[in-house]
Structure formats: structure tokens, C-alpha cells
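First the structure, in the form of C-alpha cells, and then the observations on it.
The values are calculated or read from the model by the stated rules, or taken from the named source; none is laboratory data. All figures in this text were calculated on a predicted structure; none of them were measured in a lab. When we count neighbours, we look across all protein chains shown, and the Cβ atoms used for this are built from the backbone with ideal geometry, even at glycine.
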Amino acid sequence: MYMSNLNNNLLMSQDEIHNFNKKINGIVSLSSFKNVLSKEELENIIFQNDNYFPLYIDSVYYEHQNFSDKIIIRDLNTIKYAITLKRVNIRTFPTLEKASYYPDDTEFDQFQETTFEINEPILVLTEDKTGKWVFVQSKNYNGWTLKKDIAFFPNKEEFIKYIESLKSNFITTISSKTRLTFDTGEFQDVNMGTKFILKEKKPINGSFKVIVPIKDSFGMVNFATAKISTSNAVYQFLPYTRKNVIAEAFKMLNEPYGWGGEHGFHDCSSFTQDIFKTFGFTFPRNADTQEILPGKRFSFKNLDYDDRLDFIKTLKPGALLFMKDHVMLYLGFIDNSPYVINDITSYYQNEILVRDYKVAVTDIINARRSDSKSFLESLTTAIEIP
């Protein structure tokens, strides 16, 4: 129903997407990142998110908690180069303690920033005093993760060489979850948009043979081989078409909600991020930073209800729609109502609280926020790419 009238015309070539990515704010070039950070530079990076308190940590109230005395920060801090060995949690601070704004809140851990999938190149900026945690920087996010879940490259040159290989001879996963099976028989399930270097370009028995990172007894990177079904991945990227965008979104329909990527699931902005990864886009991680993406931008400021409704009718399916702290993917008008697909927690409909906590199709006229405004009335920005 949502894809029947969509064409499959190419919207942007890979060269155009590459140039688009260059215009995105907040994307870090790992290859050209400084080799050494001063104490002040490192502190500015690590403590940029130190504004979370007061909080409940494991149900105990804290006005503030000082994590700075647990972190190693030298006058000069040499950067190390690494890669993830599995899906890893990225934390605000070097702790597994759960933080919330309410003592009985078990759903939104405020120290859970995001997750990185397996095979994510990262910079290691420092570690904590226990040696168990490292502060890492990916191309679009940073935070703390467990050292045991990463492997180190011997030098920057080998790191850059690996990154360059991920730009040419690779496949990208296109299913909601894809089984990565190692030659040893072990396996991992990876999310949509994960890239792997091909060991052999031609599939064998319906599977791509890929190179995956492992580590040796010294914590240094080594490589093994694994296979991925050709039904779950494509060579390089999918063609960027409206039909493909909506098709990728619906592959995650009914997937449970995962705040900050917890339990291997998505929240609203990682949902859109991973969809667009399959086409080669490098989105920022959070909804507020996705809202300043380049593209055809439209503001809903000063539009009344009827003007908003009229304007929505002009948008093309696959456009990004934003309201405070939330991003959605526009589907179009069905039975005279505008619909989106989004990874949503809860909303009000007919004055009843609907707790979806999953990827769902939502009517933005009838869905309301806690302030009683409809999603339509709450919209702030729309972005079409291109």
C-alpha cells in the first residue's frame, strides 16, 4: 500500500551522495584526526556531555557525580587506532550503572549514548584508571566502551589502509538483522547498514565471503573469514530510490524500541541513520543533529494547522520529518491522512496512552504528544534528500 505508487528512479548517484556527506556537520575524518591531543583538547571532548545531573543512578539520587578522577588525562595524549569486534555499547561515562531522571524508570538509561556495530573503525583517545574502559571516537560519535570488545591496529598506516578498503571492495547489510557466520561456526547478528570487506567478490553457494576483525592474545587486530547470505547484503550500496528507502524502513516494522541502541534495537534516529547507511549516507547519530542535515529544508514555523496540512501534501515519500526529540520517515497520504513510519515509544490517541515501543506506522493527525498537540502541530522541520 505504501510503496505501490513509488517509482524506482535513482535520486542520487554514489558520487553525489559522497559530496552530500562532505556537507554534513559533525562528521569526523578519522584518517586526518590529530595524532596527539593536549590535556585541554581531550577534556573538551570527553566532558562535552557532562550535563546530565541531577540523576538517579541505580535508583539512588545524585546531585552530581564526579567521573573525572576515574579517567587518565595526560598533558599529551597519543591517539591509538582500533576496531570493534562486536556490537558495543557507547556510554556517557565509564560505568555500566544505569541512570534515569525518575527512580522507577527502567526504560531510558541516560548513560546509554548509542551502539557501534562490529567492524566500526574507531580512535582510542584515552582509558579509565581501571584499564577496562576506553574513550573512543567514530566518524560520527564518541563515548566510553569496554576495552575487551575492541582490537588495536599496530599503527595509523594500517588503520587507514583498512578504512580505505572499506570504501571500495565491500558489501553492506540490508536486512533488519543479518546473520554473520564465522568459519568456526560462531555467529553474530548485525544491524542494517553494516559494512564488511569482501574476501572474494563472487558469492559462493548463495553467500558473500567477508573479512571480519578478531584479536590476538595481546589485544591486537587479526582477521578471520565469515559468510553472509546474498539475500541480506548487496555489493557496496543499494541504489538510492524512494521505493528502496521505504522498503528498507518496512524491513524493521514492529522491531522493538531500543533507547540508545540497547539490546541491539533502534531508537528514532538510529532507525533513520541505519536506513540511509544502506545507500551510502553518513548521518549524524541524534535527531537534533539530523535536523540540520543539508538537503531541501522546510520550516513549519509560523504555519497554522491548515497550512501545515497543505504543505505536507507537497512532500515526497522518504522525506524526514522532525519534532522536538523525534525524527520520522514520511510515507504519504493514505485515506486523506498523512502517515509516517517511525521508531516510537508512546503517544496519545483519543486521550488514551498508546505504548508502542516499536517501529510503527503512525497517523500524524490523530497521534498526540503529552502536551495534547498532534504530531502534525508539533512538526518543526522537513528535509528531502535531495
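Of note:
- Within the stretch 368-379, the set of residues being part of a loop (DSSP other than H, G, I, E, B) and either of a type in the set (D, E, K, R) or not assigned by TED's automatic domain parsing to the domain that holds residue 263 (or both) comprises 369, 371, 373.
- The single condition among (1) assigned to a helix (DSSP H, G or I); (2) crowded, with 20+ Cβ neighbours inside 10 Å; (3) without any contact (Cβ under 8 Å) to a residue 60 or more places away in the chain that residue 148 does not meet is (2).
- Filtering the stretch 308-367 to residues that are part of a strand (DSSP E or B), in contact (Cβ under 8 Å) with a residue 40 or more places away in the chain and under 16 Å from residue 242 (Cβ atoms) leaves 320, 321, 328, 329, 330, 331, 332, 334, 339, 341.
- Residue, nearest to the chain's Cα centre (by Cα), within the stretch 328-353, restricted to residues that are crowded, with 16+ Cβ neighbours inside 10 Å and more than 18 Å from residue 272 (Cα to Cα): 347
- Look at (1) within 30 Å of residue 290 (Cβ to Cβ); (2) in contact (Cβ under 8 Å) with a residue 60 or more places away in the chain; (3) surrounded by fewer than 16 Cβ atoms within 10 Å (Cβ to Cβ); (4) not aliphatic (A, V, I, L, M) and you find that residue 140 fails only one, number (3).
- Taking the stretch 72-90 as the range and being among the aliphatic types (A, V, I, L, M) and in a strand (DSSP E or B) as the test, the residues that pass are 76, 82, 83, 88, 90.
- Residues of the stretch 219-260 that are more than 24 Å from residue 198 (Cβ to Cβ), among the hydrophobic types (A, V, I, L, M, F, W, C) and in a loop (DSSP other than H, G, I, E, B): 252, 253.
- Residue 292 vs. criteria out of contact with any strand residue (DSSP E or B) (no Cβ under 8 Å at 6 or more places or on another chain), surrounded by fewer than 19 Cβ atoms within 10 Å (Cβ to Cβ), under 29 Å from residue 29 (Cβ atoms) and in the same structural domain as residue 254 (by TED's automatic domain parsing): yes
- Restricting the stretch 227-252 to residues that are basic (Lys, Arg) and closer than 30 Å to residue 184 by Cα, the residue that is surrounded by the most Cβ atoms within 10 Å (Cβ to Cβ): 227
- Matching entry among 181, 145, 173, 126 (being more than 26 Å from residue 246 (Cα to Cα), touching a strand residue (DSSP E or B) at 6+ places or on another chain (Cβ under 7 Å) and not assigned by TED's automatic domain parsing to the domain that holds residue 88): 181
- Note on the stretch 163-180: among residues that are surrounded by fewer than 19 Cβ atoms within 10 Å (Cβ to Cβ) and over 20 Å from residue 272 (Cα atoms), the one that is modelled with the lowest pLDDT is 168.
Yes or no, residue by residue, for (1) exposed (fewer than 13 other Cβ atoms within 10 Å of the Cβ); (2) in the same structural domain as residue 284 (by TED's automatic domain parsing); (3) at pLDDT 95 or above; (4) not basic (Lys, Arg):
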| position | (1), (2), (3), (4) |
| --- | --- |
| 26 | no, no, no, yes |
| 36 | yes, no, yes, yes |
| 50 | no, no, no, yes |
| 56 | no, no, no, yes |
| 65 | no, no, no, yes |
| 69 | yes, no, no, yes |
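- Within the stretch 1-53, considering residues that are over 24 Å from the mean Cα position of the chain (by Cα) and assigned to a helix (DSSP H, G or I), the one nearest to residue 64 (Cα to Cα): 43
- In the stretch 114-150, the residue that is farthest from the chain's Cα centre (by Cα) out of those that are charged (D, E, K, R) and within 22 Å of residue 161 (Cα to Cα) is 149.
- Condition check for residue 299: of a type in the set (Ser, Thr, Tyr) and buried (at least 21 other Cβ atoms within 10 Å of the Cβ): no
- Residues that are exposed (fewer than 13 other Cβ atoms within 10 Å of the Cβ) and either in the same structural domain as residue 247 (by TED's automatic domain parsing) or under 12 Å from residue 85 (Cβ atoms) (or both), drawn from the stretch 184-194: 186
- Filter result for residue 240 (touching a residue at least 12 places away in the same chain (Cβ under 8 Å) and within 19 Å of the chain's Cα centre (by Cα)): yes
- Check on residue 69, in a helix (DSSP H, G or I) and over 20 Å from residue 286 (Cα atoms): yes
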